[in-house]
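These notes concern the structure reproduced below.
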Amino acid sequence: MKRLKRKSYRDKKKRIKRRRRHYSSESSSPTASETTARKSRSRSRSGSRSHSHDESEDSRSRSRSASRSRHDNRTPLKDSTNTKEVEKDQDFLNEIGKRLNQERVFAAPLREEIVSRWKDVIDEGLPDKEKEDIMKKYNLPENCKFSDPPKINTEIKTVVPQTVISRDTRIVVKQHKIVACLSAISKLFGLLTKDGRDLQDLPAIECLSDTLKLLADTLRDESMIRRSLIIANINTSPRDKITYTKCGEFLFGEKLDEIIKTAKAVEATVKDLRMPKKITPKPKNLNNPPRQPPRRNYPTSGGQKSRKPSNRNDNKKDAENRHHRR
């Protein structure tokens, strides 16, 4: 009974589907009269449209090109998945830390005319005449006299050997070049900050300020190198006091003679305050070899002597030992 009911239910479904298909095909298929009417309408419309077809084509092409340009200028939509992936990668890099040997980052390329001249100076060096002309061109400002290379103190010049003095003069020539660079930067600072122009050229002023700081630090490093080379050739007693002096017009300060006098006075007082060391007497025969003790021949377990006695006292002791054994 159940199977029969299922079959009847399926047959009903199939009939309903066939009826629906039949009605849909009838409604969608047009009659012959409708098709002829549609054809006549299309012919009449095509005749009227043929005149305005050429004019409309130009307008359509223009509108398409404008729409394309607008579409190209649109800002692309941000993909949420890509941004999430980028954030995850950045978090991962932050967690693992930086590389030990990071890749060097370079700035934008410079003009070839400047690069070629720069390279020529590095490869072959600047000629002496041109070097002197450039250094004379830029004068140091009045309130920057402290930038001049310090001179060697007269007290040290008489003590230090000539080889050290000649090496010091070569470093002084290098320092004069650095002072000329600082003077050129100060001149450019004056041109940029003239008549309230400093607000307009802030990036240029930042670059110049950084360059000035690095050059000033290099100038100080060269002075420290000069001091270390000279101190290595000075007596050890005043060396500690000289190292704590500051550079000024002279390499070791202006009052070096007073510093040396005070150092000597302090050293003398320290010697007076120290307790004298106790002197222990040395033995007289220090260089002679030590004396060996005399050898004594003792009796063995068998009653026989290993060697004959050499002294009288040993003979007496041997006789006494024999008497006790008897």
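Extension gain residue 240-residue 201, at 0.36 nm per residue separation less the Cα-Cα distance, in nm?
Numbers: separation 39, 0.36 × 39 = 14.04 nm, distance 4.81 nm.
The residue 240-residue 201 span can extend by a further 9.2 nm.
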For the stretch 180-271, what % of the accessible area comes from carbon and sulfur atoms, probe 1.4 Å? 59
Which value results for Rg/Rh of the stretch 182-251 when Rg is the Cα radius of gyration and Rh the Kirkwood radius based on the inverse mean 1/r? 1.25
Rounded to the nearest 10 Å², the 1.4 Å probe accessible area of residue 156 is 10
Apply the a/c threshold of 1.5 to the C-alpha gyration tensor of the stretch 98-163 and tell me whether it is rounded, prolate or oblate. prolate
Square roots of five times the Cα gyration tensor eigenvalues for the stretch 99-249, Å: 34, 20, 18
Taking H as built 1.01 Å from N, whose amide H comes closer than 5 Å to the amide H of residue 250, not counting residues under 5 places away? 151
Here are some pairs, 151/271; 187/255; 145/177; 136/194; which of them have Cα atoms lying more than 26 Å apart in this structure? 151/271; 187/255
Quick one: Karplus J couplings for the stretch 8-17, per residue in order, coefficients 6.51, -1.76, 1.60, θ = phi - 60°, nearest Hz, x for Gly and Pro? 5, 5, 5, 4, 4, 4, 5, 5, 5, 5
Assuming 0.36 nm per residue, please report the length gained on full extension of the stretch residue 98 to residue 146 beyond their Cα-Cα distance. 13.1 nm
Would you mind computing, in nm to one decimal, how far apart the modelled labels at residue 224 and residue 261 are, each placed 7 Å from Cα along Cα→Cβ? 3.2
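The values are calculated or read from the model by the stated rules, or taken from the named source; none is laboratory data. As the structure is a prediction and not an experimental result, all values here were calculated from the model. So basically every Cβ, Gly included, is an ideal-geometry build from the backbone, and we count neighbours across all protein chains shown. Ligands, DNA and RNA are stripped out before the accessible areas are found, and what is left, the full protein with its side chains, is counted by its heavy atoms. Shrake-Rupley method; radii C 1.70, N 1.55, O 1.52, S 1.80 Å.
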